[in-house]
Amino acid sequence: MNLREIYKAYVNQLTSLYPDTEARSLVMWLFEAYLSVDRKDVLNNQPILQIPEALQNAMNKLMAGEPIQYILEKAPFYGREFRVGPGVLIPRNETEELVQLILQNHKGKMKVLDLGTGSGCIAITIALEWAEAEVSGLDISEQALAVANENAAKYAAKLNFIKADVLQKDLNLEKFDLMVSNPPYVLEKERTLMQANVLKHEPELALFVPDEDPLRFYKAICLHAKESLHPNGFLYFEINEAFGLEVVSMMNSEGFGEVRLVQDINGKDRIVYGQVQQTES
């Protein structure tokens, strides 16, 4: 038995569920995690005595549609690996672009709050990449906050986590210079467009909003931002590509200035940000 044989067999099985390129990538993830081998070892047709039970179990989970990130309990984000589990959303590449934009636009000492922090990938990355920032993360889910705390400890990131519901009116937050959020923004009617493994395994609480009120989280967060941002403080959102202009209009109507709509690397509307236009009372 050799690696190439196992590789081909696993890829053939997975192509019934995934595109060929993705199937090949998934098998290499498994090989790296459970056999400590890479693509060079596969090309060299390295022999293997037996398939570890853990590897076969992981393969069975993949065939059942479980996301690879949940099987391995980790996901890459901005050059680091974050622990993930069924209670938190798997970090997406688009969210890396949100973090990158914030880091490009801001320097110096600022207080930052990530609303709906989930695994903590946004808050922790900002804290690690921006040494002078004082960062906090907020989430309603105790399970998510436990994962976020674990990720923060892994990288010795200094930040504060808050348990609260962003849809609650009065959060009594302290003052911040910048708020960021990647809130739920997938419409209920878009379920049919999503992959089955996402629907079955990722938390609905972090994904979906009602069709009749797609901006419910954005509206609530805007109100919190107006109350808890310092004058000229910044608010950043990741958005559903279908609602870029609506989010811009909402922020303008709520009194934010310099509101900008930013496209992601694929040319889709993905980020909206602006500044609170108010003065100290």
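Where a number appears in this text, it was derived from the coordinates with a stated rule and is not lab data. Predicted, not measured: the structure shown is a model, and the values here were computed from it. Note that each Cβ is placed from the backbone with ideal geometry, even for glycine, and that neighbours are counted across all protein chains shown.
Calculate, for ALA64 and THR21, the FRET efficiency according to 1/(1 + (r/R0)^6) with r their C-beta to C-beta distance and R0 22 Å; round to the nearest 0.05. It comes out at approximately 0.55. Here the convex hull built on the C-alpha positions of the chain has a volume of 138 cubic angstrom per residue. Once you have a ≥ b ≥ c as the square roots of the Cα gyration tensor eigenvalues for segment 13-70, tell me rounded if a/c is under 1.5, and otherwise prolate or oblate according to whether a/b is larger than b/c. Verdict is oblate for segment 13-70.
Among LEU49, ASN93, THR125, whose Cα projects farthest towards the positive end of the dipole of segment 17-130, with charges put on the beta-carbon of Lys, Arg (+1) and Asp, Glu (-1)? Result: THR125, furthest along the dipole toward the positive end. Ordering VAL112, VAL248 by the number of other Cβ atoms within 10 Å of each residue's own Cβ, fewest first, gives VAL248, VAL112. The Cβ shell under 13 Å around ASP165 holds other residues with a net charge of 0, Lys and Arg each +1, Asp and Glu each -1.
For the chain, the longest principal axis of the Cα atoms and the long axis of helix 53-63 meet at an angle of about 60 degrees. For the chain, the longest principal axis of the Cα atoms and the long axis of helix 3-14 meet at an angle of about 60 degrees. Distance between the pseudo-spin-label points of GLU129 and ALA153 (7 Å out from Cα toward the beta carbon): 2.6 nm.
Give me the net charge for the shell around GLU134: Cβ to Cβ below 15 angstrom, other residues only, Lys and Arg +1, Asp and Glu -1. Mind dumping the intermediate values first?
Details: positive: LYS107, LYS109, LYS111, LYS158, LYS175; negative: ASP114, GLU129, GLU132, GLU174, ASP177.
Once all neighbours under 15 Å are counted, the net charge is 0.
Annotation note: GluC sites (Glu not before Pro) in segment 45-106 located in DSSP loop regions with a Cβ neighbour count of at most 16 within 10 Å are GLU73.
What is the order of SER36, SER249, fewest Cβ neighbours within 10 Å to most?
Working: SER36 8, SER249 13.
Going from least to most buried by this count: SER36, SER249.
Compared with the dominant Cα axis of the chain, that is its longest principal axis, helix 216-228 is turned about 50°. As a proxy for reagent exposure, ranking LYS107, LYS154 by other Cβ atoms within 10 Å from fewest up yields LYS107, LYS154. The GluC sites (Glu not before Pro) of segment 119-175 that meet both conditions, a loop assignment by DSSP and at most 12 other Cβ atoms within 10 Å of the site Cβ, are GLU132, GLU174.
Among residues other than GLU94 whose Cβ falls under 10 Å from its Cβ, what is the net charge (Lys/Arg +1, Asp/Glu -1)? If you can, show how the numbers build up before the last one.
Numbers: positive: ARG92, LYS268, ARG270; negative: GLU96, GLU97, GLU238, GLU241, ASP264.
Counting the neighbours of GLU94, the net charge comes to -2.
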